[in-house]
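Everything below concerns the one structure shown next.
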Amino acid sequence: MIISAQRGGPSTGLPTKTEQADLNQLFGASQGEYPRAIFAPVDAVDCYYSVIEAFNIAEKYQCPC
């Protein structure tokens, strides 16, 4: 399982815009085509449940999540 924590866009202090480059890199970051599951939780509670679901999917389908 791979966890990529998304960060705010370039700025000083609070982010002025959201940056999705980290998420976009996960879509194409591979040496070939293979199945993978990508989760994009929206808050802390969703993060908790997404990790549980990701472990279950990774075990069931034997693929990176």
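Before moving on, here are some points about what is shown:
- Inter-site label distance for Lys60 and Asp46 at 7 Å from Cα along Cβ, in nm: 2.0 nm
- Packing-based ranking, highest mean first, of 49-56, 33-40 given that Cβ atoms within 10 Å are counted: 49-56, 33-40
None of the figures in this text is laboratory data; all of them are computed from the coordinates on show. What you see is a predicted model, and the numbers here were worked out from it, not measured in a lab. Methodologically, a virtual Cβ is constructed for each residue, glycine included, from the backbone with ideal geometry; neighbour enumeration extends over all protein chains shown.
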